[in-house]
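Peer 1: Sharing a structure with you now.
The values are calculated or read from the model by the stated rules, or taken from the named source; none is laboratory data. Model, not experiment: these values are computed from the prediction. Don't worry about glycine lacking a Cβ; one is built from the backbone with ideal geometry, like all the others, and counts go over all protein chains shown.
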């Protein structure tokens, strides 16, 4: 590495650059059909921008001159697991887009019960479960939260 740090198994992220063509090994995320053993498609991209698709980690390394270590030392801590799960959820949810003419709600609608929540619909107009909630309870809870926050501040 250029910065002089050691590469660590499962922890370090590296990019593989072909020196002659200066393209970077990356993954498209698409799964190949059965003839490709349903593995992920790998490409060599000329774009030098660092993206998650071009970062790799080393899962296994065999060197007879180094001692074997237990993978328990690589076990992530709870904050690391929590952070990673949130990053994965943010990446997954950022790709979700509502369908055209789909009824959506904004996050600020939820605590004030601006509109009911539709669940388990047979089609776009017929819903079997419609969560209306109790506006009195919702408004009382919202007032209690605001009062609590004003008392703390």
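So that you can scan it fast, the table gives a plain yes or no per residue for (1) assigned to a loop (DSSP other than H, G, I, E, B); (2) surrounded by 10 or more Cβ atoms within 10 Å (Cβ to Cβ); (3) at pLDDT below 70:
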{"residue": "92", "(1), (2), (3)": "no, no, no"}
{"residue": "96", "(1), (2), (3)": "yes, no, no"}
{"residue": "115", "(1), (2), (3)": "yes, yes, no"}
{"residue": "125", "(1), (2), (3)": "yes, no, yes"}
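Peer 1: Given the conditions (1) under 19 Å from residue 87 (Cβ atoms); (2) out of contact with any helix residue (DSSP H, G or I) (no Cβ under 9 Å at 6 or more places or on another chain); (3) loosely packed, with under 12 Cβ neighbours inside 10 Å, report the number of the one that residue 29 does not fulfil.
Peer 2: (2) is the only condition that residue 29 fails.
Peer 1: Where residues in the stretch 36-76 are touching a strand residue (DSSP E or B) at 6+ places or on another chain (Cβ under 6 Å) and assigned to a helix (DSSP H, G or I), which of them is surrounded by the fewest Cβ atoms within 10 Å (Cβ to Cβ)?
Peer 2: Filtering first and then ranking leaves 53.
Peer 1: Moving on to the next point. Return the pairs, sorted by first residue and then second, in which the second residue is surrounded by 11 or more Cβ atoms within 10 Å (Cβ to Cβ) and assigned to a loop (DSSP other than H, G, I, E, B), the first residue lies in the stretch 19-41 and is not assigned by the TED database to the domain that holds residue 55, the beta carbons are less than 8 Å apart, and the residues are 6+ apart or on different chains.
Peer 2: If the second residue must be surrounded by 11 or more Cβ atoms within 10 Å (Cβ to Cβ) and assigned to a loop (DSSP other than H, G, I, E, B), no pairs are left.
Peer 1: Next up: Residue 17 - would you say it is in contact with a helix residue (DSSP H, G or I) (Cβ under 7 Å, 6 or more places away or on another chain), surrounded by 11 or more Cβ atoms within 10 Å (Cβ to Cβ) and farther than 26 Å from residue 74 by Cα?
Peer 2: no
Peer 1: When both residues are 6+ apart or on different chains and their Cβ atoms are under 6 Å apart, which pairs have a first residue that lies in the stretch 47-76 and is touching a residue at least 60 places away in the same chain (Cβ under 8 Å), and a second that is part of a loop (DSSP other than H, G, I, E, B) and surrounded by 10 or more Cβ atoms within 10 Å (Cβ to Cβ)?
Peer 2: 74/10
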